[in-house]
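Taken together, the values in this text are just the output of simple stated rules run on the coordinates, not laboratory data. In this text, all values refer to a predicted model and were calculated from it rather than measured experimentally. Cβ coordinates were reconstructed from backbone atoms using ideal geometry, including for glycine residues, and neighbour counts include every protein chain displayed.
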Amino acid sequence: MGHDTGRAERPPKVLITKVGFDGHDRGSRIVAAYLRDAGMEVVYTGPWQTVPNVVQIALQEDVDVIGISSLATDHLILPKLMDGLRQAGLSHIAVVVGGIVPDSEIELLTSAGIARVFHPGATREDIVTSIAALAAGARAQAESLE
């Protein structure tokens, strides 16, 4: 284990952000608090981020999971985010979206590589448990790539 970078010992690290033009961030602030209360490290950007910006933050912060909040149609930008992450060598990062996502658009997101869609009313326990499991999977994948 001489090559271990300490990733396994630190708590899960999650980037909570919003892409696009929707400025509603109450839900993302609540989820960020849930994850912090559960012992995770949270990087919170607030609204109006661009895809290249999110990719850059994910790279700089060495995050395990990216959580995107969408109340308008901002989730339709996420296939571009997944492409950006792959191009940056960050395909191990799990990406989830929470908020208003029509059922007819879930297939678009999952086929692009989105790990999970959380709808309004998702419980704190479900969010925390799912994010922790996705973070563990992302770390295992990252370590196998090292």
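Relative to the longest principal axis of the Cα atoms of the chain, helix 78-87 runs at roughly 20 degrees. Can you list the residues of segment 54-78 with backbone N under 20 Å from a point 7 Å past the Cα of GLU41, pointing along Cα to Cβ? The answer is 54-68, whose backbone nitrogens lie closer than 20 Å to the label point.
Counting beta carbons within 10 Å around each of ASP64, ASP22, ASP37 and listing the fewest first gives the order ASP37, ASP22, ASP64.
The ranking of VAL43, VAL63 from fewest to most other beta carbons within 10 Å of each one's beta carbon is VAL43, VAL63. Between 0 and 90 degrees, the angle of helix 51-61 with respect to the longest Cα principal axis of the chain falls at about 30 degrees. Spacing of the modelled spin labels on HIS119 and ALA136, each 7 Å from Cα toward Cβ, amounts to 2.7 nm.
For the pair ARG29 and ALA112, the difference between a 0.36 nm per residue extended length and the Cα-Cα distance amounts to 27.3 nm.
Computed over the chain, the P(r) tail beyond 22 angstrom holds 33 percent of alpha carbon pairs.
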